[in-house]
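The values are calculated or read from the model by the stated rules, or taken from the named source; none is laboratory data. Keep in mind that what you see is a predicted model, and the values were worked out from it rather than measured. Glycine gets a Cβ as well: all are built from the backbone with ideal geometry, and neighbour counts include every protein chain shown. For accessibility, only protein heavy atoms count, side chains too; no ligands or nucleic acids. Shrake-Rupley method; radii C 1.70, N 1.55, O 1.52, S 1.80 Å.
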Amino acid sequence: MRLGVLTGGGDCPGLNAVIRAVVRSAANAEKPIEILGIEDGFGALVADGEIRTLSLSHVRGILSRGGTILGTTNRGDPFHYPVKQDDGSTIYQDLSHRCLERMQEHAMDGLIVIGGDGTLKIAHDLAQKGAKVIGVPKTIDNDLEATAYTFGFDSAVNVAVEALDRLKTTAESHDRMMIMEVMGRYAGWIALHAGIAGGAHAILIPEIPYDLVPLKAHLKRRRKRGANHHLIVVAEGALPRGGEHSYNTDIEASKGAMRRLGGAAERLARELAPLEIETRTLVLGHLQRGGSPTYRDRLLGTAFGAHAMELAQNGAWGQMVCLDGIRFTDVPM
Ligand code: F6P
């Protein structure tokens, strides 16, 4: 058996744990399985990029490493693939057939796709076209349906909690309000978990548009009770009731890519300015995605990778591995 493996979308801690588990499961399989690592998401399939055999030596020592040894991109959707023209312009073409052709050229029996919502949507669409695929859910945002947790989330939350602990000492010393903006796209999981674990005094999440009146009253009450500082966690996708998401307008969204959120903390600071509390904002940004995975994300990634290999060996194509409460199982992609 020959299987391709690729990572797509944003990187996150735990991707290498999955790749390692895939390669090690292949090495331990009864019948030989060759694993082909596909570089830079679906890009290598579409644009004749690098595809190389992954052996045990390639995955030695990568369990604790953040990022992905295969590289990744959130710009290479084969169904809307950017093709540069001679005049410098870019047109978007459906080159998804190239993925199937390249899989055939390399005699791949199937493909393990590790990614978030965008990448798994592509995998699903390729499956509709006849590709044999298995999905592995990843994202720091924890915003995928049918799995209780995705790997990357725990590491991101830990970074955010540590940041809050650090902000707290400055907030206390200077009698300030600190507003920390965390990632998560349109889901508030990182904000909610980090905010509770870090003892935040208010947590704003996209799922519940916020109302400034009770928020201001809450902060005033705290001040009256003698609290000299306030910690607020705001998800990048948080929005005021009746208002809009805050997008980073300095950044042009290229076609096929999602619009980038940003500015929620700054907006909130402006909205709370009438309280006359000295305020500072922090956008935690990509620090949440980098670095070594926590033990939980190593476990989750390893279990997901091993389960994906079981599915491949059983010919259970079109499934996505998941964590159903405490059981590792799978659902149709
Ligand atoms: O989906 C993961 C994520 O980190 C989101 O939380 C964030 O909005 C987005 O990706 C940032 O994407 P990029 O790395 O393209 O700026």
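Can you name the residue in the stretch 56-79 that is at pLDDT 95 or above and within 16 Å of the ligand (Cβ to nearest atom) and is also surrounded by the most Cβ atoms within 10 Å (Cβ to Cβ) among such residues? Show your work before the answer.
Taking the stretch 56-79 as the starting set, the residues that turn out to be at pLDDT 95 or above are 56-72, 78-79.
Next, only the ones that are within 16 Å of the ligand (Cβ to nearest atom) stay: 66-68, 71-72.
Numbers: 66: 19, 67: 17, 68: 25, 71: 18, 72: 23.
That would be 68.
For the stretch 134-180, name all the residues that are within 16 Å of the ligand (Cβ to nearest atom) and either modelled with pLDDT under 95 or over 16 Å from the mean Cα position of the chain (by Cα) (or both).
145, 163, 180
Do we find that residue 289 is within 14 Å of the ligand (Cβ to nearest atom) and either open to solvent by less than 60 Å² (accessible area, probe 1.4 Å) or in contact with a Leu (Cβ under 6 Å, 6 or more places away or on another chain) (or both) in this structure?
On the way: within 14 Å of the ligand (Cβ to nearest atom): yes; either open to solvent by less than 60 Å² (accessible area, probe 1.4 Å) or in contact with a Leu (Cβ under 6 Å, 6 or more places away or on another chain) (or both): yes.
So residue 289 fits the description; yes.
Quick check on the stretch 33-55: of everything there that is over 14 Å from residue 103 (Cβ atoms) and charged (D, E, K, R), which residue is surrounded by the most Cβ atoms within 10 Å (Cβ to Cβ)?
Looking at residues that are over 14 Å from residue 103 (Cβ atoms) and charged (D, E, K, R), I get 40.
For the stretch 305-326, state whether one or more residues are surrounded by fewer than 15 Cβ atoms within 10 Å (Cβ to Cβ), among the charged types (D, E, K, R), farther than 30 Å from residue 77 by Cβ and away from the ligand (no atom under 16 Å from the Cβ).
No - not one qualifying residue is present in the stretch 305-326.
Pull up the stretch 1-32, narrow it to residues that are open to solvent by 10 Å² or more (accessible area, probe 1.4 Å) and part of a loop (DSSP other than H, G, I, E, B), then point me to the one that is nearest to the ligand (Cβ to nearest atom).
10
Residue 159: within 30 Å of residue 279 (Cα to Cα) and open to solvent by 40 Å² or more (accessible area, probe 1.4 Å), yes or no? Write out each step before concluding.
Values: within 30 Å of residue 279 (Cα to Cα): yes; open to solvent by 40 Å² or more (accessible area, probe 1.4 Å): yes.
The answer is yes for residue 159.
Filter the stretch 108-125 for residues that are closer than 19 Å to residue 185 by Cα, of a type in the set (Gly, Ala, Ser) and part of a helix (DSSP H, G or I) and give the result.
Passing the criteria: only 118.
Working carefully through the options 15, 6, 70, find the one that is touching a Lys or Arg at 6+ places or on another chain (Cβ under 7 Å) and of a type in the set (A, V, I, L, M, F, W, C).
On the way: 6 fails: touching a Lys or Arg at 6+ places or on another chain (Cβ under 7 Å); 70 fails: touching a Lys or Arg at 6+ places or on another chain (Cβ under 7 Å).
Of 15, 6, 70, the one residue that is touching a Lys or Arg at 6+ places or on another chain (Cβ under 7 Å) and of a type in the set (A, V, I, L, M, F, W, C) is 15.
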